[in-house]
Every structure is written in C-alpha cells, then in structure tokens.
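Student: Below is one structure. I have some questions about it.
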Amino acid sequence: MKSDSKQPAGALQGDSAHAEVPARSYVVEPAHAPLPAPKKRLLGWIGPVLVLALLLSASGWLLLNHDAVGDWLATRGYRAPADIQQMANATSMTSYAKRLFYVNRPQVENRDEFNKECSNETDQVSVLGCYTGNRQGIFIYNVTDSRLNGIQQVTAAHEMLHQAYDRLSDGERAKVDSMLEDYAKTVTDPDLLSKISAYKKNEPHQLINEYHSIFDTEITKLPTPLEDYYKQYFTDRSKVTALHDKYQEAFTERTNQIASYDQQLEALKKQIEIDRASISTQEADLKSRRAQLDALLANNNISAYNAAVPGFNADVSRYKATVAATNALIDKYNGIIDARNSIAVEEQQLQRALDSHAATASQQ
C-alpha cells in the first residue's frame, strides 16, 4: 500500500515513517469565523428601554391631556338626567361646555338641600347656583315660579363658565381677564352696576371670575374678541341671553309699572292737595257769607237777603262740584294705590322665589 509522503498532523516524532497512525477527526474552526449574535442579551437590554420610553410617552400624554382623562373618569358611568340635558341644550352648550358641565354632575335642589351645598355670604346677591370646585359639583336652586322660566338654564350656563374659567391656562387667563376688565369699564346698566358693586364689596377676589360668567350670560352684545372667545362654549350665545332677558322681563315689567303708578300718584296727590286747599278756602268763605245771610234774615232785610242768595247758592254749587271732583280724584288715587300694591306684592313674590334662604309663605 502506498503511503502518503506527508506526515499527518499530530504524528509522533521518532515513529517509523511508514508506521500507520490511527485515523482521527479534527474540526478546524476558521480563524475569523463570525461569532453568533447574543440574541437573548440584546432583547434583555431593549425591553426596559422600550418600557421606559412608553412610560415617558404616556406621562407626557397624560400631562398634556390630564383634564380630559380626569373628565373621562369623573363622567364614567354617568348619564345626565333629562332636566340637566335640557339646560345644556337650551343654552346651546358646545360638546366641550357640556363636558365641563357634566363632570360636575349638576343637581337641581330645593331650598334645604341647596343651602347645605351653597352658602350665601351676603343678602345683596341672590344665590341661585354654586360651583364648588373642579369636578366637585354644580348645584342649581329649584326656582318653581313659572314667571321666572329660564332662570335655571341661565344659572346652569353661569356655573359651567366658572369651571371653564378654572381650566384656562395662565396665558389664556391673562388675555381673557384683560378683555373682561376692559369691557367692565364700559358698563352703564344700573342693575348690572349694582351687581358688580356687590361682588366688589363681598367677593373682590372672585370679581373677574364673576365677570366671566355674568357678561356671557346677561349681555346681548359683547366686543368681537369676547364674542369669539365665548364661541368655544356656546354655539348660539343669543339663546342664553334671550332666556335671561325673558325672566328679567318679569321684574322689569313690574318695576316699570310701579314707576308709572308712582308718577300718577304723585300728580294726583298734588292736585288733591290743591283742591283740598281750595275747598278749605271755599268753606270758610261760605260760612262767613252764610252768617251774613242769616243776619240779614234776622234783621228782616229781605231784599238784601234775596239779592245775595243766588250768588251764594252758585258758590255752594261750585263748592260741591269741587268736593265731588276731589273725592273722585281720591277714589282714583286709592285705586292706583291698590293696583300698585298688588304689583309690589307680585314683585316681592318674585324676589322671594329667587331667595334660596327665604321660607315659603306656608312656612313663614
């Protein structure tokens, strides 16, 4: 058998060149063979980084959307009652405004329950509703007098706007505050000025917040920048102010009627006083002349007596006419007094209907 002239690798030195060496297997690794990728180790490093990135991303999203998330949690499982939905729809609240309204789970409450939630620190401003803090609650006083229909809807819009004001960023609030303060300087309506004065005295720290709710719900036309700002809360702001004007008219009509009656009464009073003075003068004159006539008759001065009688009788007739006319004026005066007092009673009833602290007639 012909042997290989080359000595196999690993042959022992000194062995016979022709001695057979047992066959052995060797696996020779290339010097630069690529190492296998440490897959498990790489995945172990990416996992925590990916989780951290997701957490940071989620944290950033929550930071930017914390109000939306909080609102979702606050309204989860909540369906607004029909009367609350009606208030939101009647005032044309936008979907965003409805969310601000509903996150407070609004409630319409009678006097005792309402007063447990809302306190009145002053008698100068009727408390018809209150907002107790971000998602903490909105409470609306149950005004049942049909002559004041619409007041609950306006109150709902007013309180929702307090929540809206709380949601403004510092930059947004500074801009809105400036617009509100500028408009406040132009107000001339006596009733609104009186309301503002009451807030300045009793809640000065909340004055601009109140501007934010009052101007939107009570002023028909606002400067364009404010109108544009309020569009995020109402699709048709005129619906809110129309409701306000409607119930306010119940007071305005009666106030104007009382003022008209007062003018009439003043004029009648002056005329009655003039007539009474005239009657007094006429009475004195007639008494004196009657005494003269009686003297003429006693002295049997018949011709002089007869000559004076026609003039005397004519003056008596004028006196009686003046008395009759004065009595008619007095009757008219008393009739107007009754009508005026009746309107005044209605006005007081309306005021009591708005007074969440006033007892009803049956409780007084």
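Student: In Å, what is the Rg of the alpha-carbon atoms in segment 67-174, and how long is Dmax?
Tutor: 14.0, 42
Student: Still on this model: In what order do LYS246, LYS231 fall by count of nearby beta-carbon atoms within 10 Å, going from fewest to most?
Tutor: Numbers: LYS246 16, LYS231 12.
Least crowded to most crowded, the residues run LYS231, LYS246.
Student: Let's test the formula: R0 of 30 Å, r as the Cβ-Cβ distance of ASN142 and ALA74. What FRET efficiency results, to the nearest 0.05?
Tutor: My answer for the efficiency is 0.80.
Student: If you don't mind, another one. Hey, any idea what the orientation-averaged projected area of the convex hull of segment 249-359's Cα atoms comes to, in nm²?
Tutor: Across all orientations, segment 249-359 yields a mean hull projection of 9.5 nm².
Student: May I ask you to list the aspartates and glutamates whose Cα is less than 14 Å away from that of LYS201, ignoring any residue fewer than eight positions away on the same chain?
Tutor: Excluding near neighbours in sequence, the set is GLU121, ASP123, GLU210.
Student: Continuing with this model, one more query. Too long at a 18 Å Cα-Cα cut-off: which of LYS269/LYS332; LYS175/LYS195; LYS116/LYS195?
Tutor: LYS175/LYS195; LYS116/LYS195
Student: Another one. What's log10 of I(q)/I(0) for segment 192-320 at q = 0.09, 0.10, 0.11 Å⁻¹, Debye sum over Cα points only, no solvent?
Tutor: -0.56, -0.60, -0.65
Student: So what's the Cα pair-distance distribution over segment 166-244, bin width 5 Å, in %?
Tutor: Percent of pairs per bin, in order: 3, 14, 27, 26, 20, 10, 1.
Student: Under 19 Å Cα to Cα from LYS270, which aspartates and glutamates show up? Leave out anything in the same chain fewer than 8 places away.
Tutor: Within reach: ASP262, ASP331, ASP338.
None of the figures in this text is laboratory data; all of them are computed from the coordinates on show. Quick caveat: nothing in here was measured; it's all calculated off a predicted structure. Reconstructed Cβ throughout: ideal geometry from the backbone, glycine too, with neighbour counts over all protein chains shown.
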